[in-house]
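**Q** One structure is given below, represented as structure tokens, and several questions about it will come after.
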Amino acid sequence: MMLKFSRLHREESGIAMVVAMMVVFVVVLLSIVILDLSIHNVDQAAYDRKRVTSVAASEAGIDRAWNLVQYTRPENLPCSSPDTDTLGSAPGPAQYSASYVWYGSTGSVLTCPLSQTNVPSAVLVTSTGTTNQGVPRTMQAYMTLQPTLGGFDAAIIAVQNTMFNNNFTITGSQGNNGDIYITQGDLTVTNTPNIYGNVYVHGPPGNVTMTNNNKIIGNLWANGSISISNPASVMGKAISSTSSISGTGAVGGDATAGTTIDAGLAVAGTRYANSPQGPPPTQVFPLLCQVAIAGVCNALPWTGYTLHTYTDCTAPRTFLRTGTLTGDHVLWINAVCNLDIQNNDVINFTGNLAIVTQGGITMNNQNNWNGAVGKNLYFISNYRTGLTCSSGSYNISSGNNSNFTNAHTFFYSPCTVTLNNQNDFTGQVIGDTVVINNHFTLNAIPVVVPGAGDIVGFQQSIVYIREVRS
């Protein structure tokens, strides 16, 4: 007898497929998770890179602010509009926008625009950096400011009618920038001066006459008429704001006149007759006061100088001749007398030296002022109100063959400055009247007078720099 057995389970074929599908599903899920994590990490890394780039851009705006404030005149500083720029950086271009809030000495916010009289004492700079116009980051810096004063921007500033009637040369320290300003008079140039700079004659009336073989290696701009007689020449432009240009000399550039231009004038450029212009640029005559005058001028500070006060003109000459002066000295002669520097006097100094007097200074014949490179020598007749130049000794004059070695030299008088024969120096001359005699050379360079001159920038003290919320 045969026995029959029945199967208790069905056949298991196909289960492997199910298991494989489940494994594939799990792997796909894991892959999706890994891919999502990878995309997230890439996006996060890109965002972090943009964030770092934006921080760098905002810091670039702060760095730009430090440089801008240090070397910019107040009237040219950004005020109502932000300072912006684009930086070429990866992963995309970065930009910054830096806004400025300027504060006065009392802590109040200054109104725009800034100027030589609307001067900030502090600034808050807020710089926002972005990358691809996104991911903003913002930095702030607060700085207190101390004005940096520059020298007066001219070789010669004279107020009254001025005559250059001998052989002399004025050169510039940076190209042809030996500029001359006549603020309230006329200019007459004879003989053979060579002026490597621009000449501005404001007037009124502001007429210019050039004769003999003299040259202006720059532009000539007069408020009144200009007369250029052959062989005199202006190598640059000649402009008469309100009147005519006449003569048989030469103009190397354009000639522009308020009325007529003579046909006999040789003009290399274009003639613009009957073309009135505004007045030429001018300079405000500086008021250099050793003693403050309320509402007129502050006292020169001479910070860091050793002050020597005299009530006569004999003792300061003795002091100057006693030996080599070390350090910075200012000699204040509080008397209307004339300081006579005698023939063969030798003054040696290694620091800055200033002679400020209520009277005048006269250098006789040959005398030698031996200074140090980078130092300044000042001859200043103190400004005061109501001064009548003809009533006393207020003029400054160099001697024949006065020698000024190494130091930059500055002459100033509210009356007359006279530079005599065989003088050669680097510096500036400012006077109500300026007289230049024969064989004279001036290499023009601005000489900074402590406490005087225009503000050309600011020294900065950083109070804080921080990141703030954008």
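**Q** Please state, rounded to one decimal and in Å, the Kirkwood hydrodynamic radius that the stretch 370-470 gives when every pair of distinct Cα atoms enters the mean of 1/r. Please report the intermediate quantities before stating the final value.
**A** Values: mean 1/r = 0.0624 Å⁻¹.
It is 16.0 Å.
**Q** Further question: Using every Cα-Cα pair within the stretch 269-369, state what percent have a distance larger than 21 Å. Mind dumping the intermediate values first?
**A** Details: 2519 of 5050 pairs.
Counting every Cα pair in the stretch 269-369, those more than 21 Å apart make up 50 percent.
**Q** Between the stretch 251-291 and the stretch 130-161, how many Å separate their Cα centres?
**A** 31 Å
**Q** Counting only other residues whose beta carbon sits under 13 Å from that of residue 58, what net charge do I get with K and R as +1, D and E as -1?
**A** Working: positive: 50, 51, 64, 137, 466, 469; negative: 59, 63, 83, 85, 467.
With Lys, Arg at +1 and Asp, Glu at -1, the net is +1.
**Q** Roughly how much of residue 337 is accessible, in Å² to the nearest 10, using a 1.4 Å probe?
**A** 30 Å²
**Q** On the protein heavy atoms, probe 1.4 angstrom, tell me the percent of accessible surface of the chain carried by carbon and sulfur.
**A** Values: 11810 of 22440 Å².
Of all accessible area on the chain, carbon and sulfur atoms account for 53 percent.
**Q** Taking 7 Å along the Cα-to-C-beta vector as the label spot, tell me the residue 260-residue 277 distance in nanometres, rounded to one decimal.
**A** Each label point is offset 7 Å from its Cα along the Cβ direction, giving 2.1 nm.
**Q** Follow-up. Which Cα, out of 358, 92, 206, lies furthest along the positive dipole direction of the chain (beta carbon charges, K/R +1, D/E -1)?
**A** Farthest along the dipole direction, towards plus: 92.
**Q** Roughly speaking, what is the centre-to-centre gap between the stretch 347-367 and the stretch 195-243 when only Cα atoms are used, to the nearest Å?
**A** So the two Cα centres are separated by 34 Å.
**Q** Order the following by accessible area, largest value first: 202, 439. Probe radius 1.4 Å; ligands, DNA and RNA are ignored. Intermediate values should be presented prior to the final figure.
**A** On the way: 202 50, 439 90 Å².
Order by accessible area, largest first: 439, 202.
**Q** Something else now. What angle do you read, to the nearest 10 degrees and between 0 and 90, between the alpha-carbon axis of helix 15-71 and the longest principal axis of the chain?
**A** Roughly 10 degrees between the two axes.
**Q** Another question about this same structure. Give the percent of DSSP beta bridges with both residues in the stretch 231-373 that are antiparallel, rounded to the nearest 5. Please list the in-between numbers first.
**A** On the way: 1 of 31 bridges.
Approximately 5 percent, going by the DSSP bridge assignments.
**Q** Continuing with this model, one more query. Which log10 I(q)/I(0) values, to two decimals, does the chain give at q = 0.08, 0.09 Å⁻¹ under the Debye formula with one point per Cα?
**A** -0.65, -0.78
**Q** Return one quarter of the surface area of the convex hull spanned by the alpha-carbon atoms of the stretch 17-142, equal to its mean projected area, in nm². Spell out each step's value before the answer.
**A** Details: hull surface 40.6 nm².
Average projection, Cα convex hull of the stretch 17-142: 10.1 nm².
**Q** Can you give the FRET efficiency to the nearest 0.05 for residue 336 and residue 212, using r as the Cβ-Cβ distance and R₀ = 41 Å? Walk me through the intermediate numbers first.
**A** On the way: r = 39 Å, r/R0 = 0.96.
After rounding, the FRET efficiency stands at 0.55.
**Q** Now, a different point. Taking only protein heavy atoms and a 1.4 Å probe, what accessible area per residue, in Å², does the stretch 211-269 have with all protein chains in place? Walk me through the numbers before you get to the answer.
**A** Working: 2050 Å² over 59 residues.
Here the residues of the stretch 211-269 average 35 Å² of exposed surface.
**Q** Tally Lys and Arg at +1 and Asp and Glu at -1 over the other residues with C-beta under 14 Å from the C-beta of residue 102: what net charge comes out?
**A** On the way: positive: 73; negative: 75, 83.
Residues close to residue 102 contribute a combined charge of -1.
**Q** Next question, about the same structure. Local charge sum around residue 342 (other residues, Cβ-Cβ under 13 Å, Lys/Arg +1, Asp/Glu -1)? Kindly include the intermediate steps, with their values, before the conclusion.
**A** On the way: positive: 317, 321; negative: 340, 345.
Local charge sum for residue 342: 0.
**Q** Leaving out ligands and nucleic acids, and using a 1.4 Å probe, what accessible area per residue does the stretch 323-362 come to in Å²?
**A** Values: 1220 Å² over 40 residues.
Per residue, the stretch 323-362 has 30 Å² of solvent-accessible surface.
**Q** Using a 1.4 angstrom probe with every protein chain in place, what is the largest-first accessible-area order of 458, 25?
**A** Values: 458 0, 25 125 Å².
Largest to smallest exposure gives the sequence 25, 458.
**Q** Moving on. Scaled to the compact-protein estimate 2.2 N^0.38 Å, what is the alpha-carbon radius of gyration of the stretch 329-390, rounded to two decimal places?
**A** Values: Rg = 12.9 Å, N = 62, 2.2 N^0.38 = 10.6 Å.
Ratio of Cα Rg to 2.2 N^0.38 Å: 1.22.
The values are calculated or read from the model by the stated rules, or taken from the named source; none is laboratory data. The structure displayed is predicted, hence computed values, not measured ones. Cβ atoms come from the backbone with ideal geometry, glycine included; neighbour counts cover every protein chain shown. Quick note on the areas: whole protein, heavy atoms, side chains included, nothing else; ligands and nucleic acids left out. Shrake-Rupley method; radii C 1.70, N 1.55, O 1.52, S 1.80 Å.
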